[in-house]
Structures are given as C-alpha cells and as structure tokens.
Amino acid sequence: MLKAHHYAVPISIIISLVLQIMPLPIQADVYRPDWTLIVLAYWTMALPHRVNVGVAFLTGLALDILLGTALGIHSFALSLCVYVLAANYQRLRNYSVWQQAIIIGLISSLYHLVVFWLQHLLTDIYFQFEYLWPVVTSMVLWPWVFWLLRKARRQFRIL
Amino acid sequence: MDTIFTRGPSLNNRLALAIALSVLLIFVDHKLDGFKSTRVYLNSLMSPLQYLANLPGLLLSESAQRLTSHQVLLAENERLTNRVLIMSERLQRFELLQSENIQLRKLLDAPVKPGMRKMVAELMAVDNNPFSQQIVINKGAIDGVFESQSVLDDQGIVGQVMEVGTTNSRVLLISDVTHAIPVRSLRNNIRFIASGSGSLDELYLEHVPHSVDIQEGDLLISSGLGDVFPEGYPVARVKSVIHNESRPFASVSAQPLASLDRLKYLLLLWPLSEGELTEDEQGTTLTGQAVGDRK
C-alpha cells in the first residue's frame, strides 16, 4: 500500500510543475502564479528538515528542463528563495496568513528578478513590468494553497 | 519530529553548494554547450509531465470537436473542398512551371534544386517563459527530427529545431531575441539578416544602409545562405522603414508571415540529396506518415 505521508510532498511538487508549464491562452499567461515557488515555500515553512535548499535545487533543474532555459537558472533562483524562507521559518510560521502572503510576494519578486538578471547576463533581454504580474497573483493565491496543503498535511499526518 | 538540520551540511553550506552548482551548470550549458547530448535524455525524462500538462487542453478541444454542430461541419467541409480545388488548380500550373524550370536550368547548366521531404507535426506546448520564445512539437528523434531542422506553417517559416527529445522536440521561433535568419527581398534580391525582436509580430533587419532600396510591403524570403533554412520560403513582410540620417543605419522592421501566435499544425522539412527523385516524395507528402530516415 502506498503510504501517503511519504509521497504527498513529491506529488504536490510534481503537480505544481505541471501547473507551471500548462499551456494557457496568451492573455492569461502573463498572470500565471509561481505555483512551484508557492508549494516549495509552504513545505519549507512547514517541514524545513525535509524540504529545503536541496529539494529546491532539484525542482529548479526540472523546471529548467521543462521551460528550456539554460540549466541552472531556475535552480539558482529557487535555492536562494527557499534559503531565505528556511532560515526564517520559525518567525514566518507565527505570522498570519495575510502577512505571509506579503512575504510570499517579496520572495516571488526576488525570484523573478534573479531569473531576469541571470537571463540578462546570458542574452540581451529588456525588463518589462509585465514580468512582475505573477507576484500579485502569487500573493492572492497563497492563502488558498496554504489552506489546501495544510489540510493535506494534517490529513496524511506528514511530519 | 527530527530536530532541524542535525544531519548533513548546514543550511548555509547547502545554499553555497546549490549556488556554486547552479553557476557551474549555467556556465557549462550556456557558454560551453556541454549538455547537448544529455539534454535529449533529460527532455525524454521530463516529457511525461509535458503530456500531463497538455491533457486538459486536449480534452477541451476534443469535447469541443464532439460538440460542433452539423451545420458548422458542413460549412467547413464546403470551404475546405473549395480550397482543395483552388490549390490543385495551382498545383497543376506549378508542376508545369517546375518541369519547365528544371529544363531551363539544365540548359543553363545550373544545378537542379532538390525537393524536400515533409512531415506534419502538431504543436504540443508553448513556453510561458517571457524571455525566450519556444514551442514544443510532437515529433522527436524516433521520427528522424534533427537539430537545426527548419519548421514551417502554411504561411511561412516558423523557426528551427533547437533540442530533440525522443518523442518531442523544442523549436526556437524566428522572433526570439537570440535568433536571426538570412533573407532576401523578393523584389530585388538584396540580402538582409532578420533577427528576432522578442515580440511575436516583429523582426528587425539589421545593418541596412540608408541607400538600400527597400520599401514597405516588400516580401522577404529565405536566402538559403547559412545552410540552415532552405531557399525560397517566405519569412516576413517589411512593415516600416525609418530613415533617420543621424543614425548609421536605417531602422527596418518586418512582420513574420507565419502566424506565430496561433500555431497548430507545423511542417518539418528534410532536405533531399540530388540523387533522390521527387517522385517518391509525392506519395508521402503531407500524409504525416513519412518515415523520417535521412540519407
């Protein structure tokens, strides 16, 4: 029998990867929230001994392959963001969900800026404020993902 | 519950390790191109996720197809039948012209241009990465797709294959900032280089002197130089020409003819060597079952 508490974390990360690459109409694509970052952020805050920089690095590599970017760009950005969260998890846990949403917004903008800077070093692209729309949608999405994943964590008794 | 970080390296060391590895990977992948062969396996490894992500859209279009009414289907059928008639009429003329062209070329002692083997591919996914413009198609190494192969749609050149996976491959669009394609103007055969602008509906022609004869509406076709794209396929139409004498070059922008934002069916081209006749091509053209073995 599958033990849910072993597989819930990887499965949730895989689902987030699928959501991250799912084709969307061009109008909605700009607003796509950072699913992978949000899910990793939740698990980092909830279980910092299981999910931290290592998992973020591997997930980032998977994202690089799926998105066709140079290997290492998303793993760099995700490791950095998750490090910030893992280093402060005790403080962040005590915040209310709304305060956490603001933190997620900050982390998400850090993520997008790091990805942009790395890409800017490799190719000559120019910054557009459209690139920061996911920050807003990620903040809006955070409370719902938080609620859903916490329910899953309690249901399956993931420690 | 475990106490945190009692096992393994500390959080700071983990970060340092991850960052160092990432930088190394970026360097090796981008500057040295060291993952060329590994990428095929990595892409194949990740393709189940791609198929999974594609599923909702597939189901949606499937159910939409089931729900189309009789009327719509009839109308579409009529439209397509008309189009086939017009096309086949054009094809008859084209065949005459082609044989005439071959004869004339033989008279002039110029080499006869070989034909192309074609295969229809379908769009699987569009990358949501705002910094680069790539698409994923549903043909891969087992269909004979190779790197830097030309990809077309029914209007013109779309891009070239960038990475090949086992069952799918990644196409770099001509509008990507890192892409450039050699073209020539159909009107007067002047050669240009059209590089991508990063937005789907614009290409820039670079280093065009002010004295060059180029006008709005000029059709740009691939020139075949550079040995990546075959000669003579339409690429773009000149949209605007701005002569600002204070700048060293004229700024010319062109609009790609392929509808890059609404791709669905794409055409892959295999160059045939001169020995292979075009007869066998006619049977397999556009059936989508052409075996992709290259000679």
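Do we have any residue at all in the stretch B:126-140 that's exposed (fewer than 13 other Cβ atoms within 10 Å of the Cβ) and not in a helix (DSSP H, G or I)? The answer is no, given that none of the residues of the stretch B:126-140 is exposed (fewer than 13 other Cβ atoms within 10 Å of the Cβ) and not in a helix (DSSP H, G or I). The sole residue among A:Ser79, A:Ser75 that is closer than 30 Å to B:Asn168 by Cα, at the interface with another protein chain (Cβ under 9 Å from one of its Cβ atoms) and either in contact with an Asp or Glu (Cβ under 7 Å, 6 or more places away or on another chain) or hydrophobic (A, V, I, L, M, F, W, C) (or both) is A:Ser75.
One residue alone among B:Val161, B:Val151, B:Val171 is at pLDDT 90 or above, touching a Gly at 6+ places or on another chain (Cβ under 6 Å) and within 15 Å of B:Val40 (Cα to Cα), and that residue is B:Val171. Scanning the stretch B:102-122 for residues that are within 28 Å of the chain's Cα centre (by Cα) and surrounded by 11 or more Cβ atoms within 10 Å (Cβ to Cβ) yields B:Val112, B:Lys113, B:Pro114, B:Gly115, B:Met116, B:Arg117, B:Lys118, B:Met119, B:Val120, B:Ala121, B:Glu122. Strands (runs of 3 or more DSSP E) fully within the stretch B:179-264 that include at least 2 residues being more than 25 Å from B:Ala121 (Cβ to Cβ): B:180-185, B:191-196, B:203-208, B:234-242, B:250-256. Where helices (runs of 4 or more DSSP H) sit wholly within the stretch A:14-96, those with at least 3 residues that are surrounded by 19 or more Cβ atoms within 10 Å (Cβ to Cβ) and either in contact with a Lys or Arg (Cβ under 8 Å, 6 or more places away or on another chain) or touching a residue at least 60 places away in the same chain (Cβ under 8 Å) (or both) occupy A:35-46.
The values are calculated or read from the model by the stated rules, or taken from the named source; none is laboratory data. Being a predicted model, the structure only gives us computed values, none of them experimental. Methodologically, a virtual Cβ is constructed for each residue, glycine included, from the backbone with ideal geometry; neighbour enumeration extends over all protein chains shown.
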